[in-house]
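Working notes for the structure below.
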Amino acid sequence: MSAETTLTLATQYLRLIADELRAAGVSVDDWLALSGMPADALERGTFSLPGFQRLLLDAASLVGEPALGLVLGQRAGLGSHGPLGYAIMNSGTLREVLVLTKRFMHLRAGFLALDYGRDRDVLRVQITELLPLGPIRSLVLETVVSTVKQSIDAVAMGACPIRFVAFPFPDPGYLTLAEELLGCPVRYDQAWAGLALPPDALSVRLRQADPEALRLAEALCQRELDKLAASDSTSARVRRLLLERRTGFPSLNTTARLLRMTPRTLHRRLVAEGTSFRAIVEELRYRSARDHLEAGRVSVEAIAYVLGYANPANFRRAFKRWSGMPPSVYRARHLAGAADSGG
C-alpha cells in the first residue's frame, strides 16, 4: 500500500467520538494535539492511515472505555448518517436498506464495504476492510457493525430480530457487555464481521416507507458519491471492486473496463500510487485466506476456489510464499494458539 494512501470518514462520526471525549472530561483540542492533527481535522474527515490509527488509539486511551467501538455504535442514530440515514429511514423493505447501504457505504466510511447474501440458514450482512486497519481493526469493526445493527433495528421495529453478531477477532473480555449493548448473541473468532439475519429478512416490509422521500434522499447520496469519486484514489476503487466479488477476482483488463479506463491507464495510475494490480490482488487474497483459515471451518480446497485458484496446489504454493508456511500449518498454529489462550 502506498504511503500516500488516504482514507475518509464522515465528519458526523468524528463528532460522535468528540462528544464521547467531552463526556469523559477530555478536551477535544488536547486529543487532536496529542494525535498531531490540525484543529480542523474533524471537519475535513480525510486522513493518512497512520494518522487515523493514532487518532482512534488516542481517543480510546483518553476515554478509558475498552468497548468504545460498541458504545459509539449505540449512539449513532439514523440522523448520524446524513442523506443515507434519511434514505434508510424511508425505505420500503430491508432489501432496499441493504442495497442502499452497500451502494453508498463509501460516503460514510471510505475504507469499508458492505455486502450481503445467504449463508446456510441465515442472511449474512458482512463488513469488509478495504485497507488493513491494524491496531484499530477491532474498534472500527465493533463501531460499524453496531451502527448497522442500530439502523436495522430502528427501521424494522422488531420485525427482523438479529440472530447474532460476528467479529473476526478473539473475545476482548467483555462478551457479556457486548451482548447487553447489542441485544443479541455475539460470536468472536469468526471468519467475518457483521450480522446474521433471518433468511427471509430481505422481504421484511417497513412501516415508515415513503417512496418520494426515498427518491430524493437517494439522489442526494448519488450526487455526493459522484463528487467523492472524482477525488478517490485508483487503488481504493480497485480494492472496492475486487472485494465486491463473491468468488475469484476479475483480471486487470476486466477491472479496467469496469472502471471505464484502459488497462494501460489503470496500470499507470496504480504505479503512480506506489502499488500495482497484482500487489492488490495478492494482498486481498492473503487477507481473505487468513480469515478463512483462522475460522477453521472451510477446507483448503474450498478456500482456493473462493480465491480464484483452479488448482489448490497453486493456492498452497502462494500461501507459503506469503506466510512462510503451508495453509494447513498456519491453520493448526492459529487454532492451537486460540485454544491455549482460551479463545
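A short reminder: the numbers here are calculations on the coordinates, not readings from a lab. Model, not experiment: these values are computed from the prediction. Cβ placement follows ideal geometry from the backbone for every residue including glycine, while neighbour counts extend to all protein chains displayed.
A few comments on the model shown:
- Protection proxy ranking of 90-99, 203-212 - average other beta-carbon atoms within 10 Å, highest first: 90-99, 203-212
- Under a model in which nothing but the beta-carbon of Lys, Arg (+1) and Asp, Glu (-1) is charged, segment 6-64 shows a dipole of about 140 debye around its Cα centre.
- Scanning the chain for long hydrophobic helices, with DSSP H runs required to stretch 15 angstrom or more by C-alpha along their axis and to average at least 1.0 on the Kyte-Doolittle scale, returns 49-63.
- Take every pair of alpha-carbon atoms less than 8 Å apart whose residues are at least six positions apart; their mean separation over the length of segment 45-143 yields a relative contact order of 30 percent.
- Quarter of the Cα convex hull surface for segment 109-234, i.e. its orientation-mean projected area (nm²): 9.2
- Shape class for segment 6-64: prolate, because the ratio a/c of the largest to smallest gyration tensor axis (alpha-carbon atoms, square roots of eigenvalues) is 1.5 or more and a/b beats b/c.
- Straight-line reach from Lys227: taking Cα to Cα under 30 Å and skipping same-chain neighbours fewer than 8 places apart, the lysines in range are Lys102, Lys149.
- The chain - mean residue ellipticity at 222 nm from DSSP helices (-39,500 (n - 2.57) per run, n ≥ 4, rounded to 500): -17500 deg cm²/dmol
- Convex hull volume of segment 122-176 per residue (C-alpha atoms, cubic angstrom): 103
- In percent, rounded to a whole number, the relative contact order of segment 6-64 is 48, using alpha-carbon pairs under 8 Å and six or more apart.
- Spatially, segment 5-32 and segment 231-284 are offset by 32 Å when compared through their Cα centroids.
- Segment 234-340: C-alpha gyration tensor shape, a/c 1.5 cut-off, then a/b vs b/c: prolate
- Fewest-first sequence of Lys227, Lys102 by Cβ atoms within 10 Å of each Cβ: Lys227, Lys102
- Charged-residue dipole, Cβ positions (Lys, Arg, Asp, Glu), the chain about Cα centre, Debye nearest 20: 1640
- Each 20 Å bin from zero holds the following percent of Cα-Cα pairs in the chain: 28, 61, 11.
- Semi-axis lengths, Å, segment 235-279, gyration tensor of Cα atoms, sqrt of 5 times eigenvalues: 16, 12, 8
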